[in-house]
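Report on the structure given below.
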Amino acid sequence: MNIYIASLFEGFWLNIRLFILTLVMSIPLGLVITFGSMSKFRPLRWLVRTFVWIIRGTPLMLQLFVVLYSPGLLFGVPMKSRMTAAIIAFVVNYAAYLSEIYRGGIESIPKGQYEAGAVLGMTKSQVFFKVILLQVVKRIVPPMSNEIITLTKDTALARVIGIAEIIMCAERFTKQGLIWPLFSTGLFFLVFNGVLTLVLGWLERKLDYFKV
Amino acid sequence: MPILEVKNISKRFGDTEVIKDISFSLEKGETLSVIGSSGSGKTTLLRCLNFLETPDAGTITVNGEVIFDAADPMSRSEKGIREKRLHFGLVFQSFNLFPQYTALQNVTLAGMLLAKERPDYKERKSQIHEEIISNAKTILDSVGLSSKLDNYPHQLSGGQQQRVAIARALALNPDILCFDEPTSALDPELTGEVLRVIRELAERKTTMIIVTHEMSFARQVSDNVLFMDEGFVVEYGPPEQVIGNPQEDRTKQFLERYFENGNN
């Protein structure tokens, strides 16, 4: 019994690591992509939007395989670690989704807010950081919450490139005739997402003091 | 010397020339109302003065200093524009208060940011902050909002929000305060409180340009009225003339239609 549970925890630790690393890196990378896709320089905008279209338009599972195999098969330098491959694929994939959420948030702020700041003598960066940013954050918390919760479950996909995440660990036990480890993986996700929901709900309430 | 001289300003958007060869001047302490139907170019004129639009031709002179000359590309540089803008204040039709700041913070924010550029900022930081806050409180008091300092915009009525916006513009002490249809977004029962504040500013000889559809108000508070139609200045003069006894046919037509529609 303890062996089983220890194995599940070990598997879930990989899910959590992948989740945290993806989040920490894709949140800022997404902002960079947003600036690219909103750039006034047309070729850059076009390039970035095409990139986002490809990433969002193809399966994450395919992207995992591409990141794992193409360095070795195309350039003769095999990917050293499967976890690195998974992290790269997840970060790029999520950054593309997040960038579109950011873009929607930034574009939803009325032009009047920028103009009001400008006529009061603020610089462009003062307007963005002192006036616009917090309004954007408030608007994107609900769609971000959705993505973040989806990400916890997407981490299970890493098994397709051989990462022994929790569901892969549990499935091994079915060969011994055991189904409960598989069922209990659901509990891990439920508890984790329950905590996440509470944290994100708290953040949403923290920003409730003003309306946009 | 007039405080503001606008000469031959034109602005086009694509193929449409929105304002055409506009010239007028404004004396210190004068209140000028700009009237005309929607699409006549009134708002664009105001936006040109505040550098929210760049005129294609013409010059703008404040206190004898040319602050904009369409022929001189130097007068369009970002840094220069930011300073020149401060000659003007602008009150928007839709208030555009910053929702995450209280009434008081809305009024102090820009001043606090500008103060950072002062050479004595580091030594006198807390003193400067106190000055800005007490100045903001005085102004909010003068527009009747001393009890709403800590309210956020969504907790205020439209009329109160617009009065905060007026206070916010006044706090930077502009030479010329511009209003872009300040009561058009308000319920009729709330326009009075905003017009009262503007009237008090006129009595205290604040230099103002008011784009408005409130004819009787314009007639009462203005020293001069400018009637625009299709981008041109059609008629300019004291309100008794332009609104009371218009000389131009187009002004007459506009006012007839206005008063026929049940306005007064």
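A short reminder: the numbers here are calculations on the coordinates, not readings from a lab. The structure displayed is predicted, hence computed values, not measured ones. Note: ideal-geometry Cβ built from the backbone for every residue, glycine included; neighbour counts use all protein chains shown.
Please give the peptides B:127-133, A:76-82, B:222-228 ranked by average Cβ packing (other Cβ atoms within 10 Å per residue), highest first, as a rough proxy for protection. Show your work: numbers first, answer last.
Working: B:127-133: 14.7, A:76-82: 11.1, B:222-228: 22.7.
Highest mean packing first, the order is B:222-228, B:127-133, A:76-82.
Taking a point 7 angstrom from the Cα of B:Met112 along the C-beta vector, which residues in region A:114-144 have backbone N less than 12 Å away?
Correct set: A:130-131.
How much length would be gained if the chain were fully extended between B:Ser216 and B:Arg257, taking 0.36 nm per residue of separation minus their Cα-Cα distance, in nm to one decimal?
13.3 nm
For chain B, what number results from the quotient of the Cα radius of gyration and 2.2 N^0.38 Å?
In units of the globular-protein estimate, chain B measures up at 1.03.
What is the helix-to-structure angle for A:60-75, meaning the angle in degrees between its Cα long axis and the longest Cα principal axis of chain A, kept from 0 to 90 and rounded to the nearest 10?
Taking the Cα atoms of chain A, the angle to A:60-75 is about 80 degrees.
State the volume of the convex hull built on the alpha-carbon positions of region A:1-118, expressed per residue in Å³ and rounded to an integer. All intermediate terms of the calculation are to be shown ahead of the outcome.
Details: hull volume 18.2 nm³, N = 118.
Per residue, the Cα convex hull of region A:1-118 comes to 154 Å³.
Equivalent-ellipsoid semi-axes (√(5λ), Cα gyration tensor) for region A:138-212, whole Å, largest first?
Working: eigenvalues 238, 35, 7 Å².
Equivalent ellipsoid of region A:138-212: 34, 13, 6 Å, largest first.
5 Å is the cut-off here: which amide hydrogens, built 1.01 Å from N in the peptide plane, fall below it relative to B:Ile19, excluding neighbours closer than 5 in sequence?
Correct list: B:Lys11.
Using only atoms on other chains, find how many Cβ atoms lie within 10 Å of each Cβ of peptide B:113-120 and report the average.
Mean partner shielding for this stretch: 2.
Sort A:8-19, B:15-26 by the packing proxy (mean of other Cβ within 10 Å over each peptide's residues), most packed first.
Top of the packing list down: A:8-19, B:15-26.
Students often forget the sequence filter, so: which lysines lie under 18 Å Cα-Cα from B:Lys137 once same-chain residues fewer than 8 apart are removed?
Filter leaves B:Lys148.
Given all pairs of different Cα atoms, what value in angstroms does the Kirkwood hydrodynamic radius of the protein assembly as shown take?
One over the average 1/r among Cα pairs gives 26.6 Å for the protein assembly as shown.
Normalise the Cα radius of gyration of region B:9-128 by 2.2 N^0.38 Å (N = residues in it) and let me know the number.
1.27
From other protein chains only, count the Cβ atoms within 10 Å of every residue's Cβ in A:118-129, then give the mean.
The mean count of partner-chain Cβ atoms within 10 Å per residue comes to 6.
Stick to Cα atoms and the Kirkwood definition of Rh, then tell me Rg/Rh for region A:87-192.
1.25
Packing-wise, with mean Cβ within 10 Å as the measure, how do A:163-175, A:59-71 rank, highest first?
Values: A:163-175: 18.2, A:59-71: 16.2.
Packing proxy ranking, top to bottom: A:163-175, A:59-71.
How big is the equivalent ellipsoid of region B:27-92 along its three axes, where each semi-axis is √(5λ) from the Cα gyration tensor, reported in whole Å from largest to smallest?
Ellipsoid half-lengths, sorted descending, are 21, 15, 12 Å.
What FRET efficiency would be calculated for the residue pair A:Leu47, A:Glu204, taking the C-beta separation as r and a Förster radius of 35 Å, to the nearest 0.05? The partial results should precede the final answer.
On the way: r = 35 Å, r/R0 = 0.99.
Efficiency for this residue pair is about 0.50.
When the helices in chain B are scored as -39500 (n - 2.57) per DSSP H run of 4 or longer and the sum is shared across all residues, what 222 nm value do you end up with, to the nearest 500 deg cm²/dmol?
Value at 222 nm, helices only, nearest 500: -12000 deg cm²/dmol.
Provide the gained length on full extension for the span A:Ile3 to A:Val137, in nm with one decimal, where the gain is 0.36 nm per separating residue minus the Cα-Cα distance. Walk me through the numbers on the way to the answer.
On the way: separation 134, 0.36 × 134 = 48.24 nm, distance 4.36 nm.
That works out to 43.9 nm of additional length.
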